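Presented below is the structure to which this report refers.
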């Protein structure tokens, strides 16, 4: 978003990412400035919330229940783990986060698709759906909370909110195009918050995620259908 012109100019701020990740205390114990946020959140081996550590734990969990998941799910998560091992942290930190983060995002989308297409939609599936939805709701809530506080603090000489930064907030959850289809208007902070909190159909809104959690819980209350054997 720094490529977009805005008035007044603003500096790239990485510290809100630490707040959204809930890792303020361990980060500032290790580092003295926010320039190392990418290293900490992506590669740090002693940060249990870093991307590489999350993928490693997901792979280990999948390995312990291989008899309960599909072969395609295991191959996909195992392939993602080994793909990340081929990234060299120093090179990625020097190049910037775009290539690494894009690779992880699209790999996660692929895993969700593989899971949806190959895992029986039984009780286990519903619990997985509940977990996904809870995580999405939490992350979106953190995003709205932290970014609203940061971006509504009007800088000196500013006469209006910087819409380029609000555009970045929408894009970070894949809601930019959906926003314009919904509102047909310039980006406004209150509408961004409304979109991410109350939209009934966008999969990253808090309302949609809460509805998915409720649907998953109700589905697990119903008796599971018997599988007929020949």
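Hey, with R₀ at 25 Å, roughly what FRET efficiency would residue 101 and residue 24 work out to, going by the Cβ-Cβ distance, to 0.05?
On the way: r = 21 Å, r/R0 = 0.83.
Computed FRET efficiency for residue 101 and residue 24: 0.75.
No solvent, one uniform scatterer per C-alpha: report log10 I(q)/I(0) for the stretch 184-227 via the Debye equation at q = 0.19, 0.28, 0.29 1/Å, two decimals.
Treating every Cα as an identical point scatterer, log10 I(q)/I(0) equals -0.64, -0.92, -0.95.
Quick one: plug the Kirkwood hydrodynamic radius of the stretch 13-119 (C-alpha pairs) into Stokes-Einstein at 4 °C, 1.567 mPa s, and report D in µm²/s. Numbers along the way, then the final one.
Values: Rh = 14.9 Å.
Rounded to a whole number, D works out at 87 µm²/s.
Highest mean first, what order results for 87-93, 73-79 on Cβ atoms within 10 Å? Mind dumping the intermediate values first?
Details: 87-93: 13.7, 73-79: 16.7.
Top of the packing list down: 73-79, 87-93.
Only the coordinates and a few stated rules stand behind these numbers; no lab work does. No experiment lies behind these values; they were computed from the predicted model shown. For neighbour counting, all protein chains shown are included, and Cβ atoms are generated from backbone atoms with ideal geometry for every residue, glycine included.
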